[in-house]
């Protein structure tokens, strides 16, 4: 699940904005809304029908009974988000994948196309976790039939499995909750030092991530949304654990 910026300008601010700038802002908002509708429709008509799954419909926190601060609504990653940032040949037979905020399981389905030893999703909402498990069970693609599990848990308290080597997240948490998640990752690395890659889609908490001292940036791809600013904001970035935290195995660690 991820956060979304407010779509409406406060009335008191809008009154101070020149009319032509306000119209331009309204056009941009309308274009974004149209883009999101088109993307969901394309996903449903093509990939989802072929696989026999449903991941496209967004759900607000109130609908899920989880209307809490620093938690984010359900909105799925793009169907090819993982492949854009991570090549299958970068994954070995001992790598384990974890999706934090797995939602309806769209990225788990993508991860099952890789040679991961195991694919894990952690999701706060029991409703979304049940949908994810159903999607994984119904998926008609035999390539997506690898070892997997979906755990219903609060990611801020969830002990990160010590065999995990790749973590994915689509902006699931903000503020203090995000920092708690980083603490859980740090605890796992302390228990078992190892190379670890973090893939962060729409990295709104990148400053907190880098300030944690755990990771260094490796590479990024721009988001595929209209407008340069929006595309940059919705980038997908990969980070690697600092080499000194990898326990002597620096294949996927980084140094300055």
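Tabulated values for the structure
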read-out: Pairwise label distance in nanometres, residue 141 with residue 190, each label 7 Å out on the Cα-Cβ vector; value: 3.9
read-out: Shape category assigned to region 178-220 from the gyration tensor of Cα positions, a/c cut at 1.5; value: oblate
read-out: Protection proxy ranking of 113-122, 133-142, 94-103 - average other beta-carbon atoms within 10 Å, highest first; value: 94-103, 113-122, 133-142
read-out: Square roots of five times the Cα gyration tensor eigenvalues for region 74-209, Å; value: 21, 17, 14
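No lab work stands behind these numbers, since they all come straight from the coordinates. Predicted model, so just to flag it, every value in this text is computed and none were measured. Glycine also receives a Cβ, built like all others from the backbone with ideal geometry; neighbour counts cover every protein chain displayed.
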